[in-house]
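Each value in this text was obtained by applying a stated rule to the coordinates, not by laboratory testing. From a predicted model like this one, the values you see are computed outputs, not experimental measurements. Counting neighbours? That spans all protein chains shown, and the Cβs are built from the backbone with ideal geometry, glycine included.
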Ligand code: IMP
């Protein structure tokens, strides 16, 4: 619902189990943090690289709907190269980047940090998508195909935007960020420029050949710009259809949509959260579940499973199956609470979700009642829970 359900682990599990030919990230940027624990117990956090990157057989595409922070991407690629995963040489082109993906500019990051009213991850995601909608965005393909024009436009925009930063220290930080940024984009183009391409024919070719393709979502449905808890949302469409648009795959060609949810609920950043539990119970979930943001390290707010929101997410995405993660954390409790309606028999999230008063069903001894609980959730949602994921490791 609000991200952090354990998609990284699940996607990694799927990529390994089904050996996907192609894995595409379609929206968001380095605000995401997909944590994987590899077979040798090595933990990695992927932010923009598709999770398929750890499988030597999968082609990976950073799709047109994503936004790219050059320095973050360069760092991430370098980190993954160090892992010595086979078949990751640049010349093998196992990673491709859509030339249409927009780039985060230094003023986007600074603006995001200076005007952070809703507790964003501070990566400049919102301002980058805003620039795209304002038709002043710069795409990675612009820098690869017409570097002179792109750098000139960037300089022009910089001159316009630096007027917004009047405090001398902020202006200084801006200048520093700008010069670091220029270097990062040079490195990105020089070292990895050959990976930037028109990914459309490649995706279409894979579809025509009926190859195995996995689209990797980021964030959660309740963070969606359209249907989420606006304004406490991210800036991309995090629903199934949003992911298809960003990946360049028609929804009709997808034969299975899989939703991942946690046995309890968490949220990072501000915004309404009806089942939030500030008592010892919530604190215990936070401790046992190690609920810290993988990108920002922030403590995640914790609460109970909210079927009203989960049903809303299922309805909007048309999930064929679900995966529930972290039920093992709740096995340490004497009771599990599941919200089934809001006061006044409300079964859908209202416009002002902060007004919703959750009504609970209580399950004693969740450890011994897991089957009952699973049946209850499945019946409520009308979707089957295909897997139960326990623990952080792939197996
Ligand atoms: P932004 O995406 O950095 O603009 O942040 C907007 C909101 O989305 C904030 O509440 C963030 O905490 C939240 N958010 C963004 N990405 C993620 C994610 O991957 N997991 C959980 N929350 C996220």
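Rounded to the nearest 5, what % of DSSP beta bridges with both residues in the stretch 1-129 are antiparallel?
Details: 4 of 14 bridges.
Percentage antiparallel, nearest 5: 30.
Just report the Cα centroid separation between the stretch 1-27 and the stretch 328-362, whole Å.
So the separation of the two Cα centres works out to 28 Å.
Once both axes come from the Cα atoms, what is the angle between helix 307-317 and the longest principal axis of the chain, in degrees from 0 to 90, rounded to 10?
Helix 307-317 and the main axis of the chain meet at about 50 degrees.
Report, in deg cm²/dmol and to the nearest 500, the calculated mean residue ellipticity at 222 nm for the chain, where each DSSP H run with n ≥ 4 adds -39500 (n - 2.57) and the sum is divided by the residue count.
-11000 deg cm²/dmol
Quick one: grab the alpha carbon gyration tensor of the stretch 288-340, order the square roots of its eigenvalues as a ≥ b ≥ c, and give me rounded if a/c is under 1.5, else prolate or oblate depending on whether a/b is larger than b/c.
Oblate.
Set the Förster radius R0 to 22 Å, insert the Cβ-Cβ distance between residue 160 and residue 180 as r into 1/(1 + (r/R0)^6), and round the FRET efficiency to 0.05. Spell out each step's value before the answer.
Working: r = 20 Å, r/R0 = 0.91.
Step by step, r from the Cβ atoms, then E = 0.65.
By how many nm would the segment from residue 85 to residue 200 lengthen if fully extended, with 0.36 nm per residue of separation less the alpha-carbon distance? Present the calculation step by step, with values, prior to reporting the outcome.
On the way: separation 115, 0.36 × 115 = 41.40 nm, distance 2.64 nm.
Contour length minus the Cα-Cα distance gives 38.8 nm.
Once a ≥ b ≥ c are taken as the square roots of the eigenvalues of the Cα gyration tensor of the stretch 123-272, is the result rounded (a/c under 1.5), prolate (a/b larger than b/c) or oblate (a/b not larger than b/c)?
oblate
Can you tell me, using C-alpha contacts under 8 Å and at least 6 residues apart, the relative contact order of the stretch 105-190 as a whole percent?
Across the stretch 105-190, relative contact order equals 27 percent.
Tell me, what is the percent relative contact order of the chain, built from C-alpha pairs under 8 Å that lie six or more residues apart? Each step should come with its number before you reach the end.
Working: 766 pairs, mean separation 74.6, N = 395.
Relative contact order here is 19 percent.
Looking at the stretch 260-395, send over the antiparallel percent of its DSSP beta bridges, to the nearest 5.
In the stretch 260-395, approximately 55 percent of DSSP beta bridges are antiparallel ones.
Once a ≥ b ≥ c are taken as the square roots of the eigenvalues of the Cα gyration tensor of the stretch 290-393, is the result rounded (a/c under 1.5), prolate (a/b larger than b/c) or oblate (a/b not larger than b/c)?
rounded
Below 8 Å between Cα atoms, with a sequence gap of 6+, how large is the relative contact order for the stretch 308-360 in percent?
Computed over the stretch 308-360, the figure is 42 percent.
Specify the angular offset, from 0 to 90 degrees and rounded to the nearest 10, of the alpha carbon long axis of helix 370-381 from the longest principal axis of the alpha carbons in the chain.
Helix 370-381 sits at roughly 70 degrees to that axis.
Would you mind checking the tilt of helix 7-18 against the longest principal axis of the Cα atoms of the chain, expressed as 0 to 90 degrees and rounded to 10?
Taking the Cα atoms of the chain, the angle to 7-18 is about 90 degrees.
Can you tell which of 23, 170, 144 shows the greatest fluctuation in a Gaussian network model of the chain with Cα springs below 10 Å?
Of the options given, 170 has the highest mean-square fluctuation.
Find the percent of Cα-Cα distances in the stretch 106-187 that exceed 18 Å, and round it to a whole number.
44 percent
Using 0.36 nm per residue of separation minus the Cα-Cα distance, give me the extension gain between residue 134 and residue 387 in nm, one decimal.
86.8 nm
With each label point set 7 Å from Cα along the Cα-Cβ vector, what nm distance links residue 331 and residue 368?
So the label points at residue 331 and residue 368 sit 1.5 nm apart.
Expressed as a whole percent, how much of the Cα-Cα distance distribution for the chain exceeds 33 Å?
Value for the chain: 32 percent of Cα pairs lie more than 33 Å apart.
Restricting the count to DSSP beta bridges whose residues both fall in the chain, what percent are antiparallel, rounded to a multiple of 5?
Working: 18 of 46 bridges.
Roughly 40 percent of the beta bridges in the chain run antiparallel, per DSSP.
If you average the C-alpha positions of the stretch 122-149 and of the stretch 225-256 separately, how far apart do those two centres end up, in angstrom?
20 Å
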